[in-house]
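The values are calculated or read from the model by the stated rules, or taken from the named source; none is laboratory data. Keep in mind that this is a model prediction, so the values were computed, not measured. Every residue, glycine among them, receives a Cβ derived from its backbone with ideal geometry; neighbour counts consider all protein chains shown. Areas reflect the complete protein model, heavy atoms only, side chains present, ligands, DNA and RNA absent. Shrake-Rupley method; radii C 1.70, N 1.55, O 1.52, S 1.80 Å.
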Amino acid sequence: SKTPTITPSFTPTKTPTPTQTSTPPVIRVNIVFSDKQLLENGTPPYEKVVTRDILSSVNPISAVVDEYFKGPNAAEENAGLTAVWNGFIGYSRIDFRNGILHIYLTGQCQANGTSYSIAQPLIATVKQFPYVQYVKIYDEYGNTITPFGRIDSAPLCLEPSYTPSPTI
């Protein structure tokens, strides 16, 4: 007996063409943290630079400030790095105009009795961008020592001699 030949019939279907998914381009930035040992021994420079990759599609200034407030990763902590925050936990806004970057911090400012504070590593972190000429850092009340002029400025509450006035 003869076996029937089966001719396969094809129904055309629309097969999705694979699309190229590209990884978002990143830029490498510097984040400045402090070396705990050097800080404790009073041996400057206290700053150590680490690198992070951030998406090139985000605002690089707020991205590096975000990275600063994330603090060192486990490997960096193991290498003795720390983030100096002085009671600040982040920022409410960042304004940039005429070469001056204004960073409004949130949290509760705490002086640490030394002239070294969040100001040094944070200013060093944002000044990696050539267009940032000066940095004004404001406390949770919107105050900074020198709000006007082309000069870096930090909150008075970070000064070693600062004593908070008693609340009544």
Restricting the stretch 27-75 to residues that are open to solvent by 40 Å² or more (accessible area, probe 1.4 Å) and either among the β-branched types (Val, Ile, Thr) or touching a Cys at 6+ places or on another chain (Cβ under 9 Å) (or both), the one farthest from Val132 (Cα to Cα) turns out to be Thr43
Selection over the stretch 138-157 where residues are touching a Cys at 6+ places or on another chain (Cβ under 9 Å) and more than 15 Å from Leu105 (Cβ to Cβ) yields a count of 0
Restricting the stretch 144-163 to residues that are closer than 15 Å to Asn86 by Cβ and hydrophobic (A, V, I, L, M, F, W, C), the one most open to solvent (accessible area, probe 1.4 Å) turns out to be Leu156
Out of (1) at pLDDT 95 or above; (2) in a loop (DSSP other than H, G, I, E, B); (3) touching a Leu at 6+ places or on another chain (Cβ under 8 Å), the one Pro44 does not meet is (1)
Within the stretch 92-114, of all residues that are in a strand (DSSP E or B) and in contact with a helix residue (DSSP H, G or I) (Cβ under 6 Å, 6 or more places away or on another chain), the one most open to solvent (accessible area, probe 1.4 Å) is Ile94
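Return a yes/no flag: does the stretch 58-75 have any residue that is among the aliphatic types (A, V, I, L, M) and part of a strand (DSSP E or B). Please lay out each step first, then the result.
Taking the stretch 58-75 as the starting set, the residues that turn out to be among the aliphatic types (A, V, I, L, M) are 58, 61, 63-65, 74-75.
Within this subset, residues satisfying the condition of being part of a strand (DSSP E or B) are none.
No, the conditions are met nowhere in the stretch 58-75.
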How many residues of the stretch 115-139 are open to solvent by 20 Å² or more (accessible area, probe 1.4 Å) and among the charged types (D, E, K, R)? The answer is 1
Of (1) touching a residue at least 12 places away in the same chain (Cβ under 8 Å); (2) closer than 21 Å to Cys157 by Cα; (3) not β-branched (Val, Ile, Thr), Arg93 satisfies every one except (1)
